[in-house]
Amino acid sequence: MNFIAPEFLYALGFLAIPILIHLFNFRRYKTVQFSQVQFLKSIKQQTQSTSRLKHLVVLICRCLALASLVFAFAQPFFTATDSEVVSGKKGIVIYIDNSFSMQANAEVGSLLDGAKNKALTIVNAYNAADKFQLHTNDFKASEQRWLNRDAFINQLQEVDFSPKFRTFQALSNRLKAVENDDNYFLQNYIISDLQKTSYDLSEVKDSAKFFIIPVQSQLQENIWIKDFRAFQPFHLPGLNEQFNLGIKRNIGNERNQINGKLILNSEIKNPFIVEMENDSATKEINFNNPETNQILGKVALKDYPVVFDDTFYFSYPTNKKIEVLHLYKDISNNSFTTLFSKDSLIDFESSTVKQIDYSKLKTANMVVLENIEELSSGLISELTAFIKSGGTLMCFPSRQMNVASVNSLFNQFGLLGYGKQIVDTAQVNELNIKSSLFSNVFEETPKSINYPTSYQSWLIQNNPNTVSERILAFANGNSFLEKFELNSGTIFLCASNLNEQISNFGKHALFVPSMYNMALQSSRIGQTSYLIDETKITLTAIQSSESPLKMKKGNYEWIPKQVWKENSVEIYLREQIAEPGFYELVQNENVIETLAFNYNRNESDLSQFTVNQFEEHAATNDLLIEVIDGNLDSLSASINNMDKAQTLWKYFILLSLFFIGLEILFLRILK
């Protein structure tokens with residue numbers, strides 16, 4: 001038997017204390033006067049002998065309990081007999097968490113610096129003949145090679161912070177896949193800050209044995225930009241923009257004002273201040289678009305020491321109009337022409353259903369079907385593709401409508417469409433003021449309003465399995481205007497058409513905001529920002545070409561995998577974007593769009609598991625995880641002995657408790 005801390009064995013000298021107490025305390029006798037003692041002599045001798053035996057047993061229990069406790073602190077172990085381990089044929093796999101949360105301050109430098117020092121200590125604790133692998137969040141192919149000690153140390157010096165976010169499940173799968181053709185005795189070390197967002201052990205199905213080495217600091221405040229969202233989906237040069245800035249922090253303190261700034265197309269705009277009263281805050285940012293076709297923006301905060309999440313990039317084009325296609329049977333209602341034809345934001349085109357140019361459907365944002373009695377199979381197919389690509393369809397039914405033909409389009413999306421025809425005068429008496437169609441329309445909730453009237457209508461049927469929003473409704477509860485939100489596109493159904501003999505909706509005050517906002521919200525302008533760890537992004541309104549799309553940043557240019565669909569293209573990034581900023585999308589040597597990418601915010605919350613919490617978390621999920629906590633010296637000592645020994649200190653703790661319990665039991669008997 002060997003000991004990790006043999007100096008504790010000197011404490012065995014304290015065993016003399018209970019022995020001395022026993023010798024001097026139990027020799028004290030109390031004299032009792034009796035007139036006749038001849039009958040008590042044999043009983044006295046028997047009682048004294050039994051008492052001595054009991055006291056001796058108590059003394060032995062005390063000594064054994066104290067000795068077991070001393071041995072536990074000395075950490076005894078048995079030398080291993082595995083020939084491979086003793087001969088040094090080992091493969092040491094070390095993972096260093098180099099995520100952005102490791103930017104937090106430690107005693108010396110950052111947490112990443114502390115992790116490197118502990119990795120170096122681990123390597124030096126093994127023999128020069130052992131082999132090593134260094135893994136990081138980057139998951140590079142080069143990290144799967146076995147290295148000698150010197151090569152490992154050189155690779156260790158090059159480790160820097162990585163934007164990649166890895167869960168413990170992904171890390172476990174990575175380390176389990178380590179090639180071991182030379183039959184090394186594998187040992188896995190994980191050096192991490194045990195951030196809660198990364199180490200959800202309940203998701204781990206199975207794992208190998210890991211030695212966890214924490215590198216932690218006191219929980220520090222971190223403030224980060226959660227998102228930066230536009231209020232409206234359309235953008236024009238010179239147009240006033242409203243963006244909502246979302247900010248979070250992990251812990252609160254007395255600092256309630258955060259300074260920030262906005263940069264547009266490399267020009268610094270007016271700075272701003274965000275008031276932080278709780279763990280989250282929002283700030284409305286207003287600005288006018290520059291007179292350019294593309295807006296490249298950046299919003300930044302001042303917060304240290306974790307800074308990766310203090311900047312947010314965004315971009316959007318301003319030269320794209322919203323295309324509205326109006327289809328009718330014979331005669332067009334001039335309500336649409338009056339509303340859209342002279343609007344600088346709307347590209348309006350009207351056509352009979354017989355003269356339709358199907359290529360217009362590929363670029364349109366919104367299609368209005370007015371007074372169409374029947375849909376051909378070809379038009380149904382094109383409209384289905386249009387809606388699936390994210391388009392918006394508005395339908396005003398004809399009095400002589402072929403219900404089965406029109407509903408066959410809606411049935412493609414699980415909608416029931418129109419039901420029976422109702423020939424009766426009915427007035428709308430319900431307005432959904434919370435609908436997005438009426439956003440910024442009413443300064444306050446109207447107390448009384450003149451609603452539209454219908455003289456003939458179709459019943460709009462609802463399917464409980466579809467998501468719908470009732471916008472306008474009759475007094476009998478039937479819908480007059482209803483919105484159906486699909487996985488991709490949107491369908492609006494009106495119960496009546498715009499003929500004055502059918503309804504007065506075409507000339508009603510609600511018609512203008514309803515149709516105009518419907519057109520604005522149909523805009524298929526892409527997102528203003530993406531995350532660099534997204535594997536795929538989808539872009540719309542891009543025409544296919546024999547020349548493939550390229551992505552470019554500075555002098556770095558590559559052709560990503562791309563899958564073209566009817567009105568969109570899917571671009572697979574495959575971790576080719578490593579840093580945030582602006583990336584140009586090039587087609588036929590022309591920049592057709594500039595995309596903004598940002599770091600993922602998964603690492604922003606610096607909350608960590610304590611060692612005890614992590615051990616309980618691992619035990620609850622039945623994982624083979626052992627935590628090695630302490631400074632560099634104790635880490636080296638633990639590693640030097642873990643492969644050579646079977647530790648026994650836990651058993652001696654149990655023995656100490658057993659003897660203490662046995663002593664208590666005998667003392668009760670003595671009484």
**Prompt:** How would you classify region 309-385 from its alpha-carbon gyration tensor, with a ≥ b ≥ c the square roots of the eigenvalues: rounded for a/c under 1.5, else prolate if a/b is greater than b/c, otherwise oblate?
**Reply:** oblate
**Request:** Calculate, for region 100-242, the solvent-accessible area per residue in square angstrom, rolling a 1.4 angstrom probe over the heavy atoms of the protein chains.
**Result:** 44 Å²
**Message:** Please report the antiparallel percentage of the DSSP beta bridges confined to the chain, to the nearest 5.
**Reply:** 65 percent
**Asked** From the Cα gyration tensor of the chain, with a ≥ b ≥ c the square roots of its eigenvalues, which class applies: rounded if a/c is under 1.5, or else prolate if a/b is larger than b/c, or else oblate?
**Response** prolate
**Prompt:** Restricting attention to region 160-215, which trypsin sites (Lys or Arg not before Pro) occupy a DSSP loop and are surrounded by at most 10 other Cβ atoms within 10 Å?
**Reply:** Lys205
**Request:** For the chain, give the percent of accessible area contributed by carbon and sulfur heavy atoms, probe 1.4 Å, rounded to a whole number.
**Result:** 50 percent
**Prompt:** Which residue, chosen from Tyr530, Ile639, Ile92, occupies the Cα position most advanced towards the positive end of the dipole of the chain, where the dipole is computed from +1 (Lys, Arg) and -1 (Asp, Glu) charges on Cβ about the Cα centre?
**Reply:** Ile639
**Asked** Okay, helix-only estimate at 222 nm for the chain: each DSSP H run of n ≥ 4 adds -39500 (n - 2.57), divide by all residues, round to 500 deg cm²/dmol; what do you get?
**Response** -7500 deg cm²/dmol
**Asked** What ranking, highest mean first, results for peptides 415-425, 392-402 when packing means the other Cβ atoms within 10 Å averaged over each residue?
**Response** 392-402, 415-425
**Fill in**
Residue ranges of DSSP H helices in the chain that stretch 18 Å or more (Cα, own long axis) and have mean Kyte-Doolittle hydropathy of at least 1.6 are 649-670
**Request:** State to the nearest 20 debye the size of the charge dipole of region 454-596 about its Cα centre, where the only charges are +1 on K and R beta carbons and -1 on D and E beta carbons.
**Result:** 280 debye
**Request:** Would you work out which of Ala208, Gln242, Ile153 lies farthest towards the positive end of the dipole of region 122-262, given +1 charges on the beta-carbon of Lys and Arg and -1 on that of Asp and Glu, about the Cα centre?
**Result:** Gln242
**Message:** Between region 496-517 and region 166-197, what is the separation of their alpha carbon centroids in Å?
**Reply:** 64 Å
**Asked** Where a Cα-Cα gap under 12 Å defines reach, which aspartates and glutamates qualify for Lys164, not counting those fewer than 8 residues away within the same chain?
**Response** Asp97, Asp138, Asp533, Glu534, Glu575, Glu579, Glu603
**Qualifying GluC sites (Glu not before Pro) for region 457-546 [loop in DSSP, other Cβ within 10 Å: at most 15]** = Glu500, Glu534, Glu546
**Request:** State in Å² the accessible area per residue of region 340-486; use a 1.4 Å probe, count heavy atoms of protein chains only, and round to the nearest integer.
**Result:** 49 Å²
**Asked** Taking square-rooted eigenvalues a ≥ b ≥ c of the alpha carbon gyration tensor, is region 98-143 rounded, prolate or oblate, where a/c under 1.5 means rounded and, failing that, a/b exceeding b/c means prolate?
**Response** oblate
**Asked** If you place +1 on the Cβ of every Lys and Arg and -1 on the Cβ of every Asp and Glu, how big does the dipole about the Cα centre of region 227-366 come out, in debye to the nearest 20?
**Response** 300 debye
**Prompt:** Given +1 on the Cβ of Lys and Arg, -1 on the Cβ of Asp and Glu, and no further charges, what dipole in debye does the chain carry about its Cα centre, rounded to the nearest 20?
**Reply:** 3100 debye
**Request:** Write out the trypsin sites (Lys or Arg not before Pro) in region 549-637 meeting two conditions: DSSP loop, and at most 11 other Cβ atoms within 10 Å of their Cβ.
**Result:** Arg574
**Prompt:** Where a Cα-Cα gap under 18 Å defines reach, which lysines qualify for Lys329, not counting those fewer than 8 residues away within the same chain?
**Reply:** Lys354, Lys360
**Unit charges at the beta carbon, dipole of the chain: most positive-side option, Leu606, Ala404, Ser68** = Ser68
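The values are calculated or read from the model by the stated rules, or taken from the named source; none is laboratory data. None of these values were measured; they are calculated from a predicted model. No Cβ is skipped: glycine too gets one built from the backbone with ideal geometry, and neighbour counts run over all protein chains shown. Protein only, heavy atoms only, side chains kept; ligands, DNA and RNA dropped before computing areas. Shrake-Rupley method; radii C 1.70, N 1.55, O 1.52, S 1.80 Å.
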